[in-house]
Amino acid sequence: MAILSPSVLGADVLNIKRDLEATEAAGVKWLHVDNMDGCFVPNLSFGYSVVGALRKATDMVLDVHLMIDKPIRYVEEFCRAGADYLTVHIEADTPENIDKTLDKIAELGVKPGIVVKPKTGLDAIRPYLKKCALVLVMTVEPGFGGQKFMQDMMPKLREIREELDRVNPECHLEVDGGVDLVTAEICKANGADVLVAGSAFYKAEDKAAFRAAIEK
Ligand code: DX5
Ligand code: ZN
């Protein structure tokens, strides 16, 4: 069964508490939290203090996506703030440092994950798949909500699922970017089991129906 992880970046910043309550009322179990540094991506968002505030406000699983350069500098703060899953981009540091970053996240008792941008293939992450609890495949260039879904990521998604089935079948495979009720079906058919949705979820009138359609 698939899991919906709404991206709180798509919520109304002046009404985050109201939107969180609506998210929980829809039966949602995971919440995706995007953190951007203005360097790895050309945008800024949130940070570990926001993750800490969300942790106090909800029992949902916090699926925290770091779009920051050299994430090893900050993973301890994000783990202590209450992330359940903490994902870092393979492109954000040297492969050796990303390997150390994943180990550090696990040592802090948090589930580590790795993220690939659209131009990054399976070979770049293959050595780290065994230590991941989640692999995230971007279906837009990271940085902004509301972009168009890149269907040409589907062969890579399927290839990663097949490799995970060989080396780490328990690992979740997540997609992020342009996911709506139509594109979610395409992602699920290609092996995704966690679907991030920002704009589509927060614009949906009937959030419970949206969740049920994704998780069916
Ligand atoms: C983009 C973020 C996404 C974003 C998704 O860099 O990582 O999580 O919030 O938003 P939608 O679903 O609107 O594409
Ligand atoms: Zn994200």
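What to note about this one:
- The condition of being within 21 Å of Ala200 (Cα to Cα) and more than 16 Å from ligand 1 (Cβ to nearest atom) holds for only one of Leu102, Leu14, Leu20, Leu4, that being Leu14.
- The conditions of being crowded, with 22+ Cβ neighbours inside 10 Å and free of Cβ contacts under 8 Å to residues at least 60 places away in the same chain are met by Val75.
- Strands (runs of 3 or more DSSP E) within the stretch 1-116 that include 1 or more residues touching a Leu at 6+ places or on another chain (Cβ under 8 Å) and aromatic (Phe, Trp, Tyr): 30-37, 85-89
- Lone unmet requirement of (1) more than 16 Å from ligand 1 (Cβ to nearest atom); (2) within 25 Å of Thr120 (Cβ to Cβ) for Ala57: (2)
- Among the residues listed as Thr120, Thr94, Thr58, Thr101, the single one being touching a strand residue (DSSP E or B) at 6+ places or on another chain (Cβ under 6 Å) and without any contact (Cβ under 8 Å) to a residue 60 or more places away in the chain: Thr101
- Annotation note: of Gly146, Gly177, the sole residue that is surrounded by fewer than 16 Cβ atoms within 10 Å (Cβ to Cβ) and within 16 Å of the chain's Cα centre (by Cα) is Gly146.
- Of the listed requirements (1) more than 12 Å from ligand 1 (Cβ to nearest atom); (2) aliphatic (A, V, I, L, M); (3) not in a strand (DSSP E or B), Val135 misses just one: (3).
- Selection within the stretch 186-211: residues that are within 15 Å of ligand 1 (Cβ to nearest atom) and of a type in the set (D, E, K, R). The member of this set that is surrounded by the fewest Cβ atoms within 10 Å (Cβ to Cβ) is Lys203.
- Being over 21 Å from Lys203 (Cβ atoms), surrounded by 15 or more Cβ atoms within 10 Å (Cβ to Cβ), within 16 Å of ligand 2 (Cβ to nearest atom) and free of Cβ contacts under 8 Å to residues at least 40 places away in the same chain is not true of Leu44.
Bear in mind these aren't lab numbers, they're just calculated from the coordinates by the rules spelled out. Only a predicted model underlies this, so the values are computations on that prediction, with no experimental measurement involved. Note that we place each Cβ from the backbone using ideal geometry, even for glycine, and neighbour counts take in every protein chain shown.
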